Structures are given as structure tokens and as C-alpha cells.
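Participant: Mind looking over this structure? Questions follow.
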Amino acid sequence: MMKGGPSQEDIRRHNLGTLLRFVHLRGPASRATLAESLGLNRSTIMALTADLTAAGLVREELPRGPGRRAGRPSLVVRPESTRVYVLAFEVGVDRLVVARVGLGGIVLDRREGVRSRDSDPADLIGVLVAGARSLVRKAERGAVCVGAAVGFPGTVRRSDDTIMFGPNLDVGDLRLGDLLSRRLGLGIPVSVCNDANLGALAEHERGAGVNSDNLIYLHGDVGVGGGIIAHGRLLTGDEGYGGEIGHMIVNPGGRPCACGSKGCLEAEVGERTLLAHAGREEIPGQPGRDAVRDIVASADAGDIVAREALQRVGTWLGFGVANLVNIFNPGLIVFGGTLRDIYLGAAAQIRSVLATGALAASREKVKLRTAALGDDTTLVGAAEFAFAEVLADPLQVLARLKAPEDSPV
Amino acid sequence: MNPAGNGREPVARPIGFPALPDGPDGASGPWNAADTLTDHDRLARGGAARWEPLGMSVTPALDLRGIGKSYGSVKVLDDVAFSAYPGEVTALVGDNGAGKTTLVKCIGGIHPFDTGEYRFEGRPVRVGSPRDATRLGIEIVHQDLALCENLDIVENLFLGRERRRGLALDEDTMEEMARTTLSGLSVRTMGSVRRRISTLSGGQRQTVAIARAVLWDSKVVVLDEPAAALGVAQTQQVLEIVRRLADRGLAVVLISHNMNDVFAVSDRIAALYLGRMVAQVSTADVTHRQVVELITSGTSGEPGKRR
């Protein structure tokens, strides 16, 4: 069947989403600014904001602060941050974080827990659910939870959100999303995504990569993860396993990796390798991040063993980056998690390898930056992912959540 | 500031793609596959022909040519050329006594140079005093920071340039500006803007000194060894601030002895050796070893892709 152009309803839905997305990402904006930025006329903006206001997604108010300009001030459209929120979960090897994030990307409240490395994966869900429940209880009366997402350090199948592989956090084939969704009982599905993919999303939408549509995010936890944004979209691959930069082989026959291969980037620059090079033991109970920071600090203080360890790791990281630069020609590479510290501590090695190993044309303009969102890249990414649905079709999603159908199985 | 864009602009594709002037494999390969070339290929290949330093088409914010400076009979700078571009961090490196600090003092108008030309945003200017430099939008953060310990953050930021409302000081506006500037540097750890400098840590003081330099809509900021006396965590923060300043469009000049810091944030490296500028190269084109050689011997074994 031939389909004509988009219907009036499609256009309206698209415009509502676009407007909501704008105030969600860029913050409160006056009607005049919205009209200019979105290329819509003022009466359209007025109609759209009226719809969104009625749905309780935004509110309009007079601009704050001294208005020095002549004429009637343009009303400012603000996202209803405390009334429309998502739950964002970060599952790290050493820490668990749950946050209630309001529309506009404001972290309203959060619970953080330390996870010991030998704890039972079965406990995981209990801890996450308890954290989330206490956050939901604190929410304002009448506030709506519009989504939930988990960042997980492992590969996740996109079709059903099943965790396929998470060597650093041994859970095996686990349908974490379904389990969480059922236990939470909020009537919303819980998505599960690879943590570094979410980090890429977060840095692209709110961090160092706001102006860059071709970026690569590298995340260091115990392992090394990656997320690739190409032409403004996350590269997921066929089944959602894309972007596993940590398992790019940089040193054939090198150190054994948890995935079974040898010489993966993760095996050459991961936390355990850095500790081994520096001649240090993993201290039970100490988060890996602190162990890495200790080594960077010792290197800075002149400890030659720590310095050499950092340089070795930096060189391998340089090879990984050089390959990525050649293949993807990114405008920006962002180092997050422990790789932030490693980048700042071993930039000379990384960039030297890049200068000799990458094509001149591709390396010339690539920017290397540290994550602007600091330690919260995964969490922010999970929140953004959870907001995606309501931003795509604001009224429909809200209507569904506010008047729940009678079949929450 | 991204003069070259991100390479996504649709480029009109000529029919029958011409042989490339000096691409890696020149005209030798069979190029009849031109139809399957993507914009990406074209940009990558075409881009390879350009060896001039990046930002060549952009007017430097600061452009010094043929600078000479002597203290009495001691010649300190000899025919030095130096430029700093908007949106870039230019690292100025050199051994002790190479002339880095003298060059910075010339830039800041503290010591006028003897010979040479000083261009700012493309026009020749005369910078005879620090006030001249400030008026142009050139700010220097000195190694000793020059902060008054007994004054608070706001008072330091506006020292000598206080905002007035009538006869009184406009404290509200100054506080607001201080807060905006500090939050623009992503500094959340500072607490109240009314804290005295004497209560701040080294990293926080450095941040205040940098904030004072960028408060005035400045165009060029010169930082003399900003991380010299700081711990690792604070050094990392300062480096990130330095990078952010450039990403916002300022021309930043960073003096540092730490090669890691230089490689972590710079776009371009200018190496002084015995009062002469021996190289000004793109950081993307050099290795650690080459830069160390430039600093210690004034030449690098493999000159790399310099002009």
C-alpha cells in the first residue's frame, strides 16, 4: 500500500517530541528561543506547549531575574523535572548506583552501594530493587516514572535485553530487565544496555561530545568498554553487541583475556594488567578505580615502577586508539572511567603511538578529551536511554502511564 | 570553534574524480572506482595533501614575528616567531633558561621587546604595558598566581577592576559574575564565592587565578606552569579546565615542563631552545621523543611533518 506523507497527527507527535527534547537537553527556554531554534512559528509553539503543559510534562512561567528588556516578556518553558522522572541503574564491578533522574536530566536523588567482587550475583537484583523502591517512595506525590534502564558491563542482546556475557561480573545468561521490571511493579519495562554504549550516548548528548556526531567513548572499569557514535547514532551492530573495543586484539599472542582470546585491548590496558605491571596485588575491598588512581599518583610522585607500568599500558592504549582513528575517523575520542586517569597520566605515550600509527589525515583533527560527566557517564546514559520513549511520543506514553490499563500481569 | 566542521557537509562530487596531487598512492592506482568513493574517502585522501599546520586558514589570535629581546648585553630571545590560535591550546616548552618566561612577559607587555612585530587578531598592535595587553583581551596567569590571601574570591577576581553602581560597589553583580564564571569552569568544589583565598587549596587557588583571567571576555590566556605545585587530582582538574577554555574558543598558551600534561591537552607545541623558536608543530604529528629532543638539543632526529 502506498503511504502518503506524514499525517497531521505524525507531525504533531514529532513536533511535541522535538520541543520536549529541546528543553530536556538544553534546559528551560523562552517561547521566542524555541520558535527560533526549532524553526516553528510562535503560535505552533504555543499550541505545543499547551499540550505538553496539560500532560504535565512542562510548565510555563515568567522569566526569572530582572527583566531589562522592553515589551512583554516571552514565557519560559521548563521541564517538569520533579514530576516526570526515570530510574537509572548503574551496575559496576565495584559499585551499584540507582538514581531518580528528572526530565531535564536533573539527578533528583540517588543511592550508591559498594559491591564486593565476590558477592553473589543473585543478591544484585535485591539490592537494585531496594534502592529503586526507596527512591520511588521519596518521589513527589503524583510524579510519574516514565522509564527505567540499566547500564551493565557486558554484552547485551538488543532483541530481548538478555545479558550474554559479562566476564567481570559473572551473571551468565540473565534477563535482568524482566526480573527488575517484575520486582519493581511500576508497570514499565526496564531496558538493559552495555555500560560503555550508554556512556557514549551520555557524552554525546550532555558531555564532551555535544557538538560531535562522530565520536568514540572508551570506558575503563575492570575491563575496557566502548561505544561508537557514527553520524549521531549509536553503532549497535546486528544484534546489539557492537562497540566491544575492549576485545579488539592489539597484541597477537599477548596477555590472556577473560573472553578466552589473547592480547585484547582490555587484557593489555585493563585494571588487573596495570596492577600486575606495577607489581601490586589486588586489595580485597578496594575499588579498582582507587587502585588505578593510586598508581597514577605514584607515577606522578616519581615511582619508576608505577611510571613504567603506566607507560606500557599507555602504549597499548595508543595502538587501540590509532586503529579506531583509522577505521572510524572520529572527530572526538572520550576517555571515561579509569581511562580518564590513564589518559591524563600517559597521554605522551598514547599520542606518540597515535602520531606514528594513525593515518595523518585521520589523526590531524581528532580531539582527545576526558569525559565531561566524570564518574556518572553510565548513569546519565541510562537515564537518557530511559527517557527515549517519552521523548519520542510524549502524550501517548504519559497517557498510558497515568491511566494504567487493568492488565499489569 | 570547529573551523573545518566535522567532515559531514555534503560535498558536491565532481564527475570523474581527478588524480590526487600528492596523496599516498598518487595517480598510480586505478581510480575508475570514483563512483564508489564516499565523502569520507575523499576527505581523508584530499586531506592528506595538506601538510601545513592545522588552523593555517584561521587568523591567529596572537602572532609574534621576529621577536628579539636583550637584557643589557644578555641576549634572551632571538628572532622568535610564535602564534596562538583561537580554540587551541598551544604548549610552550623549553629547557630552563630557554626564554619561555621572557616570551610570556613580552606577550603580557611587562617587558616590551626590542625588535619584532606583535600582531593581535591579524592587526599589528603595540603592547607597551600590561594594561595594553589586558585591553586587547590578553590575560596572563603567573606561576605565583598573584592572588591576595586576605581577600575573598570575588574581591580577588575584581581587584582593580571593581564594578560600581553609583558610588558604591555593585557586590551583587560581581558575586553573580564570579559564580557564573566558576560554574562555567565546572567548579563545584569551591563552596561560597566569599571564601578567603587563604582558606583555599592549591588547586582551588589556581582555579580562581584562571577564573580571573577569563572573566573579562578575554581572547588569549597564558598559563605559566599551572600544575607545577599541585597534586595529581588537582593537576587533572586544571588540565581539564585548560582544555575547556580552548574548546570554548579562547586561544590558550600553556607553559609546562611535564610532557604528559603537554600531550594531554595541547593541539600544537612550540619549542624554544636557547632563545630561538626551533619548532612549532601540531601535537598530532610528533612523538614524545621528538619533543624531548627539540627541548634538549634544538633539533629532532626525524623532523616529522613540519613546515
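Participant: Along region B:234-241, what does the Karplus equation 6.51 cos²θ - 1.76 cosθ + 1.60 (θ = phi - 60°) give for ³J(HN,Hα), rounded to whole Hz, x for Gly and Pro?
Facilitator: The phi angles translate into 6, 4, 4, 5, 4, 4, 5, 5 Hz.
Participant: Whose amide H sits under 5 Å from the amide H of B:ARG268, counting only residues 5 or more places off or on another chain, with H placed in the peptide plane?
Facilitator: So B:ARG268 has HN proximity to B:VAL89, B:ALA91, B:THR283.
Participant: Report the label-to-label distance for B:LEU274 and A:LEU179 in nanometres (one decimal), using points 7 Å from each Cα along the Cα→Cβ vector.
Facilitator: Distance between the two pseudo-spin positions: 7.0 nm.
Participant: Points 7 angstrom from Cα along the Cβ direction at A:ALA230 and A:ALA276: gap in nanometres?
Facilitator: Going by the 7 Å Cα→Cβ label model, 3.2 nm.
Participant: In addition: Give the distance, in whole Å, between the Cα centre of region A:312-388 and the Cα centre of region B:104-119.
Facilitator: Spelled out, the Cα-based centre of one part sits 38 Å from the other.
Participant: Take the protein assembly as shown, compute every pairwise Cα distance, and split them into 10 Å bins from 0; I just need the percent in each bin.
Facilitator: Pairs per bin, as whole percents: 3, 13, 21, 25, 21, 13, 4, 1, 0, 0.
Participant: Taking the Cβ of each residue in B:ARG123, A:ARG158 as the centre, tally the other Cβ atoms inside 10 Å and list the residues starting with the fewest.
Facilitator: Placing the least packed residue first, the sequence is B:ARG123, A:ARG158.
Participant: Same structure, new question: Relative to the present Cα-Cα distance, how much length would full extension add between A:ARG157 and A:ASP120 at 0.36 nm per residue of separation?
Facilitator: 11.0 nm
Participant: Sequence-distant or interchain residues sharing an amide H contact under 5 Å with A:ARG59, placed H: which?
Facilitator: HN-HN under 5 Å from A:ARG59: A:ARG78, A:GLU80.
Participant: A follow-up question, please. If you place +1 on the Cβ of every Lys and Arg and -1 on the Cβ of every Asp and Glu, how big does the dipole about the Cα centre of the protein assembly as shown come out, in debye to the nearest 20?
Facilitator: The dipole magnitude comes to about 1900 debye.
Participant: Could you calculate the FRET efficiency of B:CYS148 with A:GLU36 from 1/(1 + (r/R0)^6), where r is the beta carbon distance between them and R0 is 56 Å, rounded to 0.05?
Facilitator: Efficiency at R0 = 56 Å is approximately 0.80.
Participant: Cut-off is 10 Å between beta-carbons; in what order do A:THR273, A:THR49 appear when sorted fewest neighbours first?
Facilitator: In increasing order of surrounding Cβ atoms, one gets A:THR273, A:THR49.
Participant: Over what distance in Å are the Cα centres of region A:57-119 and region A:241-300 separated?
Facilitator: So the separation of the two Cα centres works out to 34 Å.
Participant: Tell me, which longest segment in chain A has none of the GluC sites (Glu not before Pro) that fall in DSSP loops with at most 15 further Cβ atoms within 10 Å?
Facilitator: Counting only loop sites that pass the neighbour cut-off, the longest clear stretch is A:1-139.
Participant: So how strong a dipole does region B:145-215 carry about its Cα centre when Lys and Arg Cβ are +1 and Asp and Glu Cβ are -1, to the nearest 20 debye?
Facilitator: Numbers: 11 positive and 9 negative charges, 33 e Å.
Charge dipole, region B:145-215, about its Cα centre: 160 debye, nearest 20.
Participant: Roughly how big is chain A's charge dipole about its Cα centre, with Cβ charges of +1 (Lys, Arg) and -1 (Asp, Glu), in debye to the nearest 20?
Facilitator: 1560 debye
Participant: Okay, moving on. Would you mind checking which residues have amide H under 5 Å from B:VAL80's amide H? H placed 1.01 Å from N; only 5 or more apart, or other chain.
Facilitator: For B:VAL80, the qualifying residues are B:GLY66, B:ILE67, B:GLY68.
Participant: With a Förster radius of 30 Å, plug the Cβ-Cβ distance of B:ARG131 and B:THR180 into 1/(1 + (r/R0)^6) and report the FRET value to the nearest 0.05.
Facilitator: With R0 = 30 Å, the Cβ-Cβ based efficiency is 0.75.
Participant: Something else about it: Based on the Cβ-Cβ distance of B:VAL58 and B:ARG248, what FRET efficiency does E = 1/(1 + (r/R0)^6) give at R0 = 25 Å, to the nearest 0.05?
Facilitator: Numbers: r = 16 Å, r/R0 = 0.62.
Calculated value: 0.95.
Participant: Checking the table B:LYS75/B:LYS100; A:LYS367/B:LYS100; B:LYS75/B:LYS105; A:LYS365/B:LYS105; B:LYS105/B:LYS219 against a 23 Å threshold on Cα-Cα, which pairs fail?
Facilitator: In this structure, A:LYS367/B:LYS100; A:LYS365/B:LYS105 lie more than 23 Å apart at Cα.
Participant: Can you tell which of A:ILE283, A:SER352, A:PRO79 lies farthest toward the positive end of the dipole of the protein assembly as shown, using +1 and -1 charges on the Cβ of basic and acidic side chains (Lys, Arg; Asp, Glu)?
Facilitator: Result: A:PRO79.
Participant: Could you derive backbone 3J(HN,Hα) for region A:385-393 from the dihedral phi with the Karplus parameters 6.51, -1.76 and 1.60 (θ = phi - 60°), listing whole Hz in sequence and x where the residue is Gly or Pro?
Facilitator: Here the 3J(HN,Hα) series is 5, 5, 7, 3, 5, 5, 6, 7, 8 Hz.
Participant: Using the basic label-point model (7 angstrom from Cα toward the beta carbon), what is the A:VAL210 to B:SER192 distance in nanometres?
Facilitator: With each label point 7 Å from Cα toward Cβ, the separation is 3.0 nm.
Participant: Let me ask something else about it. With θ set to phi - 60° and the Karplus curve 6.51 cos²θ - 1.76 cosθ + 1.60, what are the ³J(HN,Hα) couplings of region B:58-66 in order, to the nearest whole Hz, using x for Gly and Pro?
Facilitator: Per-residue couplings from phi come out as 8, 6, x, 5, 10, 9, 10, 9, x Hz.
A short reminder: the numbers here are calculations on the coordinates, not readings from a lab. Just so it is clear, the structure is predicted and the values come from calculations on it, not from any experiment. Here the Cβ is made from the backbone with ideal geometry for all residues, glycine too, and neighbour counts use every protein chain on show.
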